[in-house]
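The values are calculated or read from the model by the stated rules, or taken from the named source; none is laboratory data. Predicted model only: the values in this text are computed from it and were never measured. Don't worry about glycine lacking a Cβ; one is built from the backbone with ideal geometry, like all the others, and counts go over all protein chains shown.
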Amino acid sequence: MVDAEDTGIARAREALLGLDVEAVATPAAALERLVGSAFDLALLDPALGDDDEGALAVLHRMRTVAPDTVVVIWSERPTVEFTVRAMRSGALDVLNKVADAGEIRSVVDRAIQHGALAREVRRLRGEIEKARGLGVVIGESALMRQLLQMIDRVAASDATVLIVGESGTGKELLARTIHRVGPRADGPFVAFDCSALAPSLLEAELFGHEKGAFTGANRARRGLFREANGGTIFLDEIGDIDASVQNKLLRVLQEREIKPVGGDRPVHIDVRVVAATNKDLKALVARGQFREDLYWRLAVVPIQVPPLRERKEDIPLLSAHILARRRGAAKSFAGNEARYPTQITAKALSRLMGYRWPGNIRELENVLSRAAILCDGETIKSHDLDMVGLGKPGGAVAEEPDRVELPPIDLDRLGDGEGLKAVTDRAVRAVERAAITAALRRDRSPAAAAKRLGISRASIYIKMKAYGLSAEGAEVAD
């Protein structure tokens, strides 16, 4: 992809005899031609970007729209500094325009071979991960098969992903899987909990800061976005970030550049963003607590992770995996892995599958880990689950049953100002309130609870307000 009027074209064409070559005159034309195409190599003339910074910006956009296409810079007078920056930004090499045809052909052949090898490595890695069920993402249920198929398709792109699901469903594991089977697998994976810091510290942690930018900033800090350059940054609990940080994050996603705290120059970044939340971001948008434009930037590809109670058929497979991993960890730590069980009786397994798991996979792992420690022998039995309190009132993981207390019928009031309709209306309201409370406590999400109850989101918010209920099903004080 070079300037069609360049005097070096003839020498390049001589060097590229036998190859399919196409020339374009502008960056826009090059990017338009690259989208959806399968070029092995792009030769980029820095002059098309006006200056070095412009050329690197064009290079970044090329790598974004066509990650499988190898880019070689074809420069009039390449400096050492520009060559280093270009190669750090994703160029395979920087070729001097005065090079003879033999040198040009050598670099081009090497670039094509490099691209073919990189694609083959990604293909083989993908085949291996598929055979292993995308690494440690475990599940054979219909819901999980659909989820794994979506991850397989999403991972091949560079799109921003929003993972939504309850706590303990394995959102970070899915983010790591997307990174590991995608084109950025060789780059860093940086995970960060956005709820862990105050807004003032969060901005510096994400975007970095200059020395002296604020009290205690005794040295400059690169920030997590720059640490993740060339790879993936995972922003967990994205629904908890402050409005001021939301504004800056939106700009990062739009411009692909950050501005460190106390700095005056933006820094270009090449990072894939995967975010996660257990909150209903659309509901936060409706309440003005989350920017709508940021939501749509994050949710380019939304992925809903099902809770464990909706895929209980995966519990046997998950249990076997958890116990096998514990045994392996015990072997590494103490060398006496035989002490840790790897089997579970049918009765115990039936109890696991009959439980609702409000804490999801994290709770299942916790229960099995405690049962493995307390059980006698190499098989977890039903009474071992009693010892860890599974399903027992007052136990560590006991579950409160949902009960509906109907209002009493006052016979003295019947026919004296209160008719049958008033009685039944009170009973219906009591049942409705109890059903909504139970659904909110179970799903921890008004949107999910509305779906479970078969009503609209607008309806559940109206009823939550009428009955004084929070998003988690707790009573809201007046």
In region 435-446, which residue that is surrounded by 18 or more Cβ atoms within 10 Å (Cβ to Cβ) and in a helix (DSSP H, G or I) is modelled with the highest pLDDT?
ILE436
Hey, GLU237 hits all of (1) surrounded by fewer than 15 Cβ atoms within 10 Å (Cβ to Cβ); (2) closer than 21 Å to GLU172 by Cβ but one; which does it fall short on?
(1)
Quick check on this structure: which one of ARG119, ARG105, ARG125, ARG145 is at pLDDT below 85 and either more than 30 Å from LEU59 (Cβ to Cβ) or touching a Lys or Arg at 6+ places or on another chain (Cβ under 9 Å) (or both)?
ARG125
Checked region 343-356 for anything surrounded by fewer than 18 Cβ atoms within 10 Å (Cβ to Cβ) and in contact with a Lys or Arg (Cβ under 8 Å, 6 or more places away or on another chain); matches are THR345, LYS347, MET353, ARG356
For region 357-368, indicate whether the set of residues that are modelled with pLDDT of 85 or more, within 18 Å of PRO307 (Cα to Cα) and surrounded by fewer than 16 Cβ atoms within 10 Å (Cβ to Cβ) is non-empty.
yes
Regarding ASN247, is this residue touching a Gly at 6+ places or on another chain (Cβ under 7 Å) and in contact (Cβ under 8 Å) with a residue 40 or more places away in the chain?
no
Among ALA213, ALA191, which is outside any loop (DSSP other than H, G, I, E, B) and among the small types (Gly, Ala, Ser)?
ALA191
